[in-house]
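Here, each number is a calculation from the coordinates, and none is a lab measurement. All values reported here derive from a predicted model rather than from experimental measurement. Every residue, glycine as well, gets a Cβ built from its backbone with ideal geometry; the counts of neighbours run over all protein chains shown.
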There are 2 protein chains.
Amino acid sequence: MATDEVTKIEEHSLLGGAHSVGLVETQTWTFTDPPLELDCGQTLSPVTQAYETYGELSPARDNAILIFHALSGDAHLAGYHSPNDRKPGWWDIMVGPGKPFDTRRYFVICANVLGGCKGTTGPSSIDPRTGKPFGMTFPIVTIGDMVRAQKRLVEHLGITKLLAVVGGSMGGMLALDWAVRYPDAADSVLAIATSARVNAQGIAFNVVGRQAIMADPRWQNGNYYGKESPYDGLAIARMVAHITYLSEKQMHDKFGRQLQDRESFGFDFQTDFQVESYIKYQGDSFVRRFDANSYLYITKAIDYFDLANGHGSLVQAFAGVQSTFLVISFPSDWLFPTYQAKELVRALQANGISTTFLEIPSEYGHDAFLLPSEQLSNAIAGFLANAQQRVQNAARGGNGK
Amino acid sequence: MATDEVTKIEEHSLLGGAHSVGLVETQTWTFTDPPLELDCGQTLSPVTQAYETYGELSPARDNAILIFHALSGDAHLAGYHSPNDRKPGWWDIMVGPGKPFDTRRYFVICANVLGGCKGTTGPSSIDPRTGKPFGMTFPIVTIGDMVRAQKRLVEHLGITKLLAVVGGSMGGMLALDWAVRYPDAADSVLAIATSARVNAQGIAFNVVGRQAIMADPRWQNGNYYGKESPYDGLAIARMVAHITYLSEKQMHDKFGRQLQDRESFGFDFQTDFQVESYIKYQGDSFVRRFDANSYLYITKAIDYFDLANGHGSLVQAFAGVQSTFLVISFPSDWLFPTYQAKELVRALQANGISTTFLEIPSEYGHDAFLLPSEQLSNAIAGFLANAQQRVQNAARGGNGK
């Protein structure tokens, strides 16, 4: 190991250890012209996108990986914004030197989605026509709109073709949409805990969340900026969603019917059970970091997403797609069940697209993709290494097969 | 068939057909002394209970069946309150002449639970000490309290030992509690889509529902009687609960991603999907028939219920129980999964208690017990016929085995 490398790793070790990307900064990029054409028929300009990058873009510009975040995620994928941060980025366990998304080999990009509240243009942004936050005048955006915005960002970064597009949950929807929308703009597609469309039960849960927000009198038809936010409604939305992210067995193993700070039942309407305390905490902490209107818009985008839309069928949607796919599901994920991943895989295979399907044993439900897993790490690392090998062979004019 | 019988059936057929119990009335009975001692340590008096009965009590008083309703049910089990009723009682498909709970053979009783809002004393009742509705000053009640109140009612009706106690979902919890509390007061116990305790996920969903009600500013700490009710909060509570009553497959088969009264997406926050319309309807219609405070109290009672409480273990809870059990689960019920029914069955069998376990194929989730099913009907009819045979043999001094 060269001395420089040791020094670099030692610096990293100050914050998050040798495998951390260390201190990182969120950047923004704004485009105005041409405006972004949205599926709803409206246009949007300017569009600002918050993003982070990790690692170095190779001279051949062939090692870039775009990772899409899920519903409540943001551009802060890995590392720390300040030495005082309690937590690193949302997928820090997977992104860094020596990690599956190895930043010594890959240039990793993550951007906050359109409609979000973490630096990218969304309902809490200022509408230049009025000088006030958009609120509910923000146009309905789709997963496709989010993807088109990020394509502009990727081009701005000088990248024509990505090594891989990657995402879990809603992020997987963006990855799939990218693959279909730009059939030759990503060598590989990694879709985790996701599906070509959310099922009826998933829509119903999203409806409950939106109704809870819109029923909160502080929501004020979305015009709450500068005043009290609809915290209660958003907390309830998050609580119900959070239940869907965990498996029943996991909740049972973690909490069972254990009481919280009580020897026996309180016989009141305070918190009796640990699971009660936990789920309330999830709601309360979420409202401090998320905008209620963004929650409305992003869940609507999820509901609307159907990869088959405009293609006749899911099989037809994948016609002409050149990418190689890895589809991963978890048996305890009941929000995006394995059977939906298999529908995806069948449609890919019907097109003769090189596809690997992996159901990784886990009891941690939908959120399993966010948790440490040797099998998940190995699958991702191997998939990316193959992709890089293939791309480099192709560049050398070799046979990547 | 005797002429009288034909006439009777023809009368029935005017309302609900030959197998209907026809027009019925809810009755009430109030006891004051001794007051009802509650698990929370308080006492309650007077206690009024609303109940209905169907069929005739036999001279030997040995054909009475007590059916307990679920969370949102009431005493109106079967038949019609008026010729204009659009719907019969909640388990009309199972209760009537020639139906599984055959009112030509059995005397069937159903009472609204303590804490309810359909005629039995609950938070919306007048507190005699103040002349105003209890609201949140109503004491926390448990499944055990509900059962003790109904035991008093059964005694008032002149019945010492029931032929059977029966219930689905929360009603099953009451049936199990009865069996353990009064080991010799029911020949048979029929527990459907239920368990000895709600699991952590079930508690979490109940927490969401209660938080939604209590976050509604119209809730006013429970003092909303005579003013606007916390409709929005209660509707959200019902929506999320209703999702847990259905299976994912059932929602998919019924609604999929079909749009509601729209040719294409509306790109607004109105109702796009059929499932969205359905789930909103469930919420809206519930608030017209249920009291929000009762929802708080009854879900709390469900959370608190643990048959092992005070017994050391579930196996010990059943020690000395004399009844014969039929436990029924449905594979698509994810609120009270089959594994929990099996826990119950194992504990019963560990005590040498005669127990039949039946997992009835159904894709209709938790609510399957409320839907027509030949297998369910046959199982109930056979179980009750055996019970009656056994009881009559025992009375004759014969050997019921």
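Before moving on, here are some points about what is shown:
- Which listed residue, of A:GLY226, A:GLY233, is out of contact with any Asp or Glu (no Cβ under 7 Å at 6 or more places or on another chain) and either among the acidic types (Asp, Glu) or more than 22 Å from A:ALA394 (Cβ to Cβ) (or both): A:GLY226
- 1 or more residues farther than 30 Å from A:ALA235 by Cβ: qualifying helices (runs of 4 or more DSSP H) within segment A:284-401: A:314-317, A:338-350, A:374-395
- Single residue of segment A:105-142 satisfying the filter (within 13 Å of chain B (Cβ to nearest Cβ) and among the β-branched types (Val, Ile, Thr)) that is farthest from A:TYR224 (Cα to Cα): A:THR142
- Residues of segment A:192-229 that turn out to be assigned to a loop (DSSP other than H, G, I, E, B), more than 8 Å from every other protein chain (Cβ to nearest Cβ) and over 24 Å from the mean Cα position of the chain (by Cα), as a count: 7
- Of all the criteria given as (1) within 12 Å of another protein chain (Cβ to nearest Cβ); (2) of a type outside the set (A, V, I, L, M, F, W, C); (3) out of contact with any Lys or Arg (no Cβ under 7 Å at 6 or more places or on another chain); (4) part of a loop (DSSP other than H, G, I, E, B), the one not satisfied by A:THR271 is (3).
- Tally of residues being in contact with a Phe, Trp or Tyr (Cβ under 9 Å, 6 or more places away or on another chain) and within 11 Å of B:VAL21 (Cβ to Cβ) across segment B:95-113: 5
- Residue check for A:ALA350: within 14 Å of another protein chain (Cβ to nearest Cβ), small (Gly, Ala, Ser) and surrounded by fewer than 24 Cβ atoms within 10 Å (Cβ to Cβ): no
- Index of the failed condition, A:LEU259 passing every other in (1) closer than 25 Å to A:PHE205 by Cα; (2) among the aliphatic types (A, V, I, L, M); (3) surrounded by fewer than 18 Cβ atoms within 10 Å (Cβ to Cβ); (4) more than 10 Å from chain B (Cβ to nearest Cβ): (1)
- Within segment A:69-82, residues that are of a type in the set (A, V, I, L, M, F, W, C) have Cβ atoms under 6 Å from residues that are part of a loop (DSSP other than H, G, I, E, B) in these pairs: A:ALA70/A:SER169; A:ALA75/A:THR26; A:ALA75/A:ASN112; A:LEU77/A:GLY89; A:LEU77/A:TRP91; A:ALA78/A:VAL21; A:ALA78/A:GLY89; A:ALA78/A:ASP92, counting only partners at least 6 apart in sequence or on another chain.
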